[in-house]
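**Q** Provided herewith is a single structure, encoded as structure tokens, for subsequent inquiry.
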Amino acid sequence: MTVHLKIEILRKMLTAAYETIEANVAYLNQLDSATGDGDHGTSIVKAIRAAAKSVTDAPAEQSLKETIYNAGWAVMGEDCGSTSSLIGSFFMGMSEAVTSEELDAAASIALFESGLAGVRKQTKAKIGDKTLMDALIPAVEQMSGKSDLKSALESAAAAADGAKLTRDYVAKFGRARNLGERSVGHIDAGATSIALLFNAFAKNV
């Protein structure tokens, strides 16, 4: 069955994403403690919880575009450091591409591409810089051309597992960049959280 993205599906995806991140908070904090402040899990769970709650509590008359925008705004309102601006910008960027209340595969993929564009307005990080972009960029790129939303998200989830490759990268952003070569050997927490998000999305469409 072909799945179209609509508020009900978005709610299911974000609820699952929140539950997945919540179950991995300690792991994400552990990863972050090697190169950062050790609080990425705590930050990302607050951000995704805010987004999920915003969508769950959205009034019935609210449009899909407004719902996604408000989810981003809710994330921006959380005190999560750079996580707030990056994840908030992702959702707000997605909202800019909404064209109707039900989106087919092509329109849904356009949403994620617009979300990535929103994040790129906040950071110059690229693949190889040991950030969440090491998972987000390939995830969104691998969605391109897929004929249905589920296969697009499954491809994104597989690509987002590139987070594991960050073990071999030298950090170029955030506190981790101060470690230089010493950051090699550690998987980036931000990229890992993005991989977890896309895996949750793919399993819940």
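**Q** Considering each residue of the stretch 75-88, count those that are crowded, with 21+ Cβ neighbours inside 10 Å and either of a type in the set (A, V, I, L, M) or more than 15 Å from residue 46 (Cα to Cα) (or both), and give that number.
**A** 3
**Q** Something else: Which one of 27, 18 is crowded, with 20+ Cβ neighbours inside 10 Å and outside any loop (DSSP other than H, G, I, E, B)?
**A** 18
**Q** Quick check on my filter: what residues within the stretch 35-89 are small (Gly, Ala, Ser), closer than 22 Å to residue 16 by Cβ and not in a helix (DSSP H, G or I)?
**A** If the condition is that a residue be small (Gly, Ala, Ser), closer than 22 Å to residue 16 by Cβ and not in a helix (DSSP H, G or I), then 58, 60 are the ones that fit.
**Q** Do you know which residues across the stretch 37-59 are in contact with a Lys or Arg (Cβ under 7 Å, 6 or more places away or on another chain) and buried (at least 20 other Cβ atoms within 10 Å of the Cβ)? Break it down into steps so the answer makes sense when it comes.
**A** Residues of the stretch 37-59 in contact with a Lys or Arg (Cβ under 7 Å, 6 or more places away or on another chain): 37, 55-56.
Scanning the stretch 37-59 gives a single hit, 55.
Read-outs throughout are calculated quantities, based only on the coordinates presented, and are distinct from any laboratory measurement. Since this is a predicted model, take the numbers as computed values, not measurements. Ideal geometry is used to build each Cβ from the backbone, glycine not excepted, and the neighbour counts take in all protein chains shown.
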